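Here, each number is a calculation from the coordinates, and none is a lab measurement. Given the structure is predicted, the values throughout are model-derived calculations rather than measurements. As a convention, Cβ positions derive from the backbone with ideal geometry for all residues, glycine included, and neighbour counts pool all protein chains shown.
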Amino acid sequence: MSTARAVKRQLLTVDERPRQTDMPADNLRLDWLMALTSCAIVFGLYIDGWAHNHGRVDDSFFTPWHALLYGAVGVSGLVLIVTHFRNVGIGFRWSKALPAGYALSLIGFFAFALGGVADMLWHEAFGFEEGIEALISPSHLYLALTGVLIMTGTIRAIWGRESDNSWKHLAPAILSFTCIASVFSFFNAYAPIGGDMILLTGTRPDSHSLHDVAGIIPFVIQSNLLLGSVLIMTYRWRLPFGAITLIFLLNSLLMTWYRIGEAGEFIFAISATVVGLLCDTYYSRYSLADTNRLRFFAAFMPFAYSLGAMMMIQILGINVWENGGLWWEIHMWLGVPVLAGAFGYGLSLLAHPPAFPESAS
């Protein structure tokens, strides 16, 4: 009898082994692990930037700030490699041993590792970057690209499955989108909404064209980077209330901390949160299925985000930097948010083009 039971158990084990075409089932635990390691990678990126902006580094590749960044990437790779070998051990093919969406993340990890070596060699050959050069350096942009490959695994995984659009199921993807938006914000930090805006306060300079340009670009770029993330997410999911606010708040805190000169500059998070709540409220009430409501949302969000940041600059100029409020006239005060909103409207046309007649198809 015992022999028969053993044979039966062996047959069941063989039957339960994955077929050659199978992939592992969706894994919410892996989604969370990769979302959290993505947060750690972005924290490492921003703390490295903070150290550079606050004179905490010298011309050396081996710094504690780099260690945090590369350590976080290493943890993400370890999670993927352990998951891969565990699934191979239970019968999945090597090429299909990770759940859907994560194979590119594993490729991104190894590519990032090679990029780290290339970055070190780049510094040896051409020296260390100064200022904006660090944001434009090809080796750093390559690391950003491979880092994004790692972080988008969670998004790819959740994008391809059914969910109830609750925080429970979408939170890892929302965190990953926040991380990716913040990576793009970081590499556009030559145009920040933050401490550098002090140049728009105080006495209006006689020659102010370059100051105007340096003021216009941040509002248009940063607000529409965030809008782009929201439009992609709402294209796929019905976001839970608070998702938009979370993205705006965390991104604002990171961008302020990265460049902070005075603790009071964290008030940029106030306007980001208020605009996020307004957008969440509008979205929860109307959704964006209706094209006209989508167009309004896409124009309103960057308009309000830019105008709110200007109000914070006005407060900072008077009460923190103590050199006076914005010297911009009404033409700029109102015109720049309108310009940001116009770019947002254009993004909505790209994300959701107008319908065309059936005959044209």
Least to most buried among C179, C279, by other C-beta atoms within 10 Å and fewest first, runs C279, C179
Under a Gaussian network model of the chain whose springs join Cα atoms within less than 10 Å, the largest fluctuation of D48, D164, D119 belongs to D164
Counting only DSSP loop positions in the stretch 118-200, the trypsin sites (Lys or Arg not before Pro) whose Cβ has at most 15 other Cβ atoms within 10 Å are R161
Taking Cα atoms, the helix 2-16 axis meets the longest principal axis of the chain at an angle in degrees (rounded to 10) of 40
In degrees, nearest 10, the alpha-carbon axis of helix 209-236 is tilted away from the dominant principal axis of the alpha carbons of the chain by 30
Note on the stretch 259-361: alpha-carbon gyration tensor, axes a ≥ b ≥ c; rule is a/c under 1.5 for rounded, else prolate if a/b larger than b/c, else oblate; result prolate
The helix 138-151 Cα axis meets the longest alpha-carbon principal axis of the chain at an angle in degrees, between 0 and 90 and rounded to 10, of 50
Neighbour-count ranking for T178, T273, T146, T154 (other C-beta within 10 angstrom, fewest to most) reads T273, T146, T178, T154
HN-Hα couplings for the stretch 275-283 via Karplus (6.51, -1.76, 1.60; θ = phi - 60°), in whole Hz with x for Gly/Pro, come out as 5, x, 5, 4, 5, 4, 5, 4, 5
For the pair L350 and I318, the simple spin-label estimate (label points 7 Å beyond Cα toward Cβ) gives in nm 3.7
In the stretch 227-269, the chymotrypsin sites (Phe, Trp or Tyr not before Pro) that sit in a DSSP loop and have at most 13 other Cβ atoms within 10 Å of their own Cβ are F241
Gyration tensor on Cα atoms of the stretch 87-221, a ≥ b ≥ c root eigenvalues, a/c under 1.5 rounded, else prolate if a/b beats b/c, else oblate, says oblate
Expressed in nanometres to one decimal, the distance between label points 7 Å along Cα→Cβ at I90 and L277 is 4.5
Most exposed to least, judged by fewest other Cβ atoms within 10 Å, D280, D22 sort to D22, D280
Mean separation of Cα contacts under 8 Å (at least 6 apart) over the residue count of the stretch 192-354, i.e. the relative contact order in percent, is 34
Checked the chain against the a/c 1.5 cut and the a/b vs b/c comparison, axes a ≥ b ≥ c from its Cα gyration tensor; verdict oblate
Mean Cβ-within-10 Å packing, highest first, puts peptides 67-76, 297-306 in the order 297-306, 67-76
